[in-house]
Amino acid sequence: MELLLFNIFNGFIIGIFYALMALGLSMILGLNGIINFSHGGFLALGAYMAYSLAPAIGFWGALIVSPFLAGFVGLIVERVLIRPLYGRDPLFSLLLTFGLAMIMQDLIRTFWGATGLPFEVPNALTHPLSQVYFFITGYRVFLVALALLATASLFALLKFTRVGIRIRAGNADLEMVSALGINIYRLRAVNFSLGIFMAGLAGVLAAGRLGLTPTMGASLIMPSFVAIIVGGVGSLVGSLLGGIIIGVAAGITTTYYPAASDVVIYLIMAVVLIVRPRGLMGQEGLLE
Amino acid sequence: MKSAASRHVDAAKPADAMSSQKSTRRRVAASALVWALLLTAPYWLPLTGGYTDLGSRVLVFSLAALGLNLLLGFTGGLSFGHAAYFGLGAYGTGLMLKFVTHSTPLALLAGVALGGLGATLFGPVTVRRRGIYFAMITIAIGQMFYFVAVRWNSLTGGEDGLTGFERTNIHFGHAILNLHNSTIFYYFTLFFFAIGCAVVWSVLRSPLGHTFVAIRENQKRLRFLGVSVGFYLWIAFAISGFIAALAGALYALLNNFTSPEDLNWVLSGDFVIICVLGGMRTFWGPLVGSVIYVVVQDYLSSITVNWMSFIGAIFVLAVLFFPWGLLGFFQRRIQK
Amino acid sequence: MRDQDGFGISRRDLLKAGVAIGVGTFLYPGIGAFAKSDDPVKIGHIDPQTGTYAALGGSQIAGAKLAIDQINAKGGILGRPVQLLVEDSAANVGQSVQKARKLVNRNKVHFLMGAVSSAVALALSQAAHDMNVLYLDIGGHADAVTGSKCHWNTFRTCSTTWLLTAGDFKTIFDKFGKKWYFLTPDYAFGHALHRDYVSQLKQAGGQELGNALAPLGTTDFSSYLIKAKSTNPDVLIVLNAGNDMINTLKQATQFGLNKDMAVGGAMMEMEVLESLPEAARYGYWNMEWYWQQPNVPHVKEFVDAYKKHNADKVPTARSWFGFASAHALALAAEKAKSLNTMKVVKALEGLELPPEVSLQPNKAIYRAGDHQLIGSEYPGQINKSGSYPNLFDVADVVDASKIARSVEAKGCKMTYPS
């Protein structure tokens, strides 16, 4: 029983992580209309930059600066590579970001080397918080807290700031927003960069949990897609929910039948698609 | 302005008929050239620094992309998960040879059936959605097969891949087709490639094919006309799945080996880029794309550790500068 | 559509550049390091340079390159220069097989070598068998390569899973206790290590408290570690490799597992040690070769030469595998006075590596019966406070010929083509 409880808790942590990825992906998918395969690459980039920055500005400094740097790189990529794709068949954005992901993985390997690198987390975060529930380590709680904080800030940003309201409006009806005289190119650039910021943040957190390898992003991206499909395209709350659901499901499966822990998330997706094709919270007919 | 335009159209009419006659002739000539090159490949390939197995590989990838292109280029269904049916074809063939029979044709048949039926079965789940959603669902279904293959150690060999089978010679009475010979296996592959081409060609010329293209051009209108779009998409999905499975089955025979990578979404991406590189809306696009992609990858990866960057750059540049592929690009220039 | 033309580079320019690159690509492989008249002896080397195992593959390639330089400096093989053709397998089995066929069919290599993972080794062994080419497995450990799936043309330099486990079993058992819990990666290599440890454990009167099978590539091992902790074993045996090992050790530290029980396993690699944060450096492990052997002749020269070529990095066990493998092929060809596959196979059978290649206190011999190199194992302890490159303390150098199982027990029935 304790094992099950633990795995649910653990699944929740993993799920939060997927959700962090899925939120960024989902934002970019919504307003930019781009399936961003290079999201995993940006995650790795965020992690590696944090690794290089940490000796100079410390863990906490890197935690803050690295996602911004990733977001900035995202801004440049959007301007040069993504912008020509708007309004074209989604096929092209898929292929371009797919190629970009390969290039990024290669560059990271060339620059930082193929050997995995250790990423030190402050000592204060590494100890178990309780003797009985020893598995609740400081870093895990910190990870959940930070992910929740980031998510809450994102939602607040979208709800209360001018640019956030515009992004949401653009999500609902891009033509109307454009007709109102808002520069949608700039809006999309900001949105893309914000999505990449989330990937960078996830990267720093992943670095502390898993260490760094050039391929670290590749294994995290597929579950994030599934999270979006399960949650429903176009709904950020859905993506959050989707991430947590598949994380917990994978956690529970690990308790009883570890070999199926990967397959189970795809089964959940299949069930959702058959019972409710638009996803749990998705809107009908969006992005089709 | 208006009158000038209509005059232009009038004047263009006879020229049009003439040019269509010309273009038909050109098309026939091009096809003849393609077949002539393919039939003689084992003789000229070594002269260019290639080798026969590379030729077989090009054919296998062309065939898979040809199948995918029926869906992608002609029906407008963006599948990013066709490696699943390719891989099922490969595993079906490999498992059959390893556990059931030593007959190559039977194993091939089993692979095609497994992959094709897989596509037929999962088609209805995917065709309910379109665009990006369709792409994501096809990827996810593909990954499901991938993980099944990775985890089902006892049957598939898991991560290690499926070994311990090999293609066997085919006996026709007294005559023996020695498939162990690379050149003969090339022609064996070419034979099935030709069958694949014939299937796609006749589908495209039939009313079914015209419906596919109509779906690509304006799905909404067809819906209003009462056409069951989902049904036709499903048919396109199934046919293309069968062809991809045939390619996968041949691939298993080529390597005498299958691994979960043959099911992975990265391979699906390769198939899509092959279609795009060659020209999605052209018949020979997949072949041209496959020649470029397979050959470039083969050479680059021998020369530089950073071959992935170059392949990635091909993706990026193709999307930005040649969205209609090499054949599409030349077609447009000729039409100009 | 306007956007895509706003780049300053026209399609025509791009097309031209593309053609130029394409032509260059076609020509390049023809230009080797040697003049044509020299007619080099070609060794095809397939190892991962990208992907998960890139670091391990890189070490093997670096070792092999050093050996090839030495061989060429001494006049090559049979008076002909030696050329190492390295191909990237990306740790992808399908790609490895494809590269093997390319090296043999197109480049006409005389020998094949390589592999980091067992999967690739098994696949290459079969592909080489199909093509009648000698294949030397450098770093794929599964017993089957020189056991139940042995081939007349396949040899191996790195240890079998049995040797890995037998290397440190006795020490761990004597030192830390007899109640063991296993954390095993769920694929052939992991299963083999587990089986080999358990059979020794049972014979010694120990007890297996449990075995958690974790899928390969798992990033979160906490649920398995929790299971292990709840059984309260004396020893936790971790059989993961590469990144999985790194993640396991890091997470075990976070749960304080290393304070409650001894941690150890069959295979530790220098590349893994480098990636471990200091807090996660602990445990009792087996290495297959170590750079610090002050009393063994030639080791220092090798380490210095290697460091010079590799940015001051010390050679790892994988570097030595690559080094010894390339030398072994050259020695066998010299001994056979031929490049004929069967003749070189016969020459390699029973070949003893000379001290400047073996670099260990014990004899290193390619056993004739199963083509397995029998050398030494280096059990020991991670050096907790050390900094690179002093990360491991070798406790004992075990002579592998004393612990190796017989050819029959391994299940190898060698058949030669008539």
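Every read-out reported here was derived from the displayed coordinates using simple, explicitly stated rules and does not represent laboratory data. Since we're looking at a predicted model, the values are computed, not measured. Neighbour counts run over all protein chains shown; Cβ positions are idealised from the backbone, glycine included.
Quick one: grab the alpha carbon gyration tensor of the range A:171-288, order the square roots of its eigenvalues as a ≥ b ≥ c, and give me rounded if a/c is under 1.5, else prolate or oblate depending on whether a/b is larger than b/c. Note, shape of the range A:171-288 comes out oblate. Straight-line reach from B:K220: taking Cα to Cα under 12 Å and skipping same-chain neighbours fewer than 8 places apart, the aspartates and glutamates in range are A:E288. Orientation-averaged projection of the protein assembly as shown equals 44.0 nm² [convex hull of Cα atoms, one quarter of hull surface area]. Its relative contact order, with pairs defined as Cα atoms under 8 Å and 6+ residues apart, puts chain B at 29 percent. Based on the convex hull around the alpha carbon atoms, the range A:16-218 presents an average projected area of 12.1 nm².
Normalised by the number of residues in chain A, the average gap of Cα pairs under 8 Å and 6 or more apart makes the relative contact order 37 percent.
Positive contributions from Lys and Arg (+1) and negative ones from Asp and Glu (-1), summed over other residues with Cβ under 13 Å from the Cβ of A:F12, come out at 0.
Largest mean-square fluctuation among B:I235, B:I274, B:I243, in a Gaussian network model of chain B whose springs join Cα atoms under 10 Å apart, belongs to B:I235.
By the rule of a second cysteine Cβ within less than 4.7 angstrom, chain C holds isolated cysteines at C:C158. Averaged over residues, the count of other Cβ atoms within 10 Å places the peptides A:172-178, A:142-148 in the sequence A:142-148, A:172-178, highest first. How many percent of Cα pairs in chain C exceed 42 Å? Beyond 42 Å sits 17 percent of the P(r) for chain C. Please express the Cα-Cα pair-distance distribution P(r) of the range C:280-418 as a list of whole percents, one per 10 Å bin, running from 0 to the bin with the greatest distance. Histogramming the range C:280-418 at 10 Å steps yields 11, 35, 33, 16, 5, 0 percent.
Residues of the range A:23-40 with an amide N closer than 20 Å to a point placed 7 Å from the Cα of A:E175 along the Cα-to-Cβ direction: A:30-34.
The lysines within cross-link reach of C:K179, meaning a Cα-to-Cα straight distance under 25 Å and a gap of 8 or more places when in the same chain, are C:K170, C:K202, C:K227, C:K229, C:K250, C:K259, C:K384. Note on A:L149 and B:Y187: their simple-model spin labels are 7.2 nm apart, each label 7 Å out from Cα toward Cβ.
For the range C:344-418, the convex hull drawn through the C-alpha positions has a volume of 126 cubic angstrom per residue. Where is the GNM fluctuation largest for chain C (alpha-carbon springs, 10 angstrom cutoff): C:H298, C:H194, C:H371? Among C:H298, C:H194, C:H371, the largest mean-square fluctuation in the Gaussian network model of chain C belongs to C:H298.
Efficiency by 1/(1 + (r/R0)^6): what FRET value for B:V227 and B:W35, r their Cβ-Cβ distance, R0 = 35 Å, to the nearest 0.05? Efficiency, from the Cβ-Cβ distance: 0.50.
Its convex hull of Cα atoms gives the range C:162-287 a direction-averaged projected area, equal to a quarter of the hull surface, of 6.5 nm². Electrostatic bookkeeping for C:F255 treats Lys and Arg as +1 and Asp and Glu as -1; over the other residues with beta carbon under 13 Å from its beta carbon, the sum is +3. Enclosing the Cα atoms of the range B:50-263 in their convex hull gives a volume equal to 123 cubic angstrom per residue.
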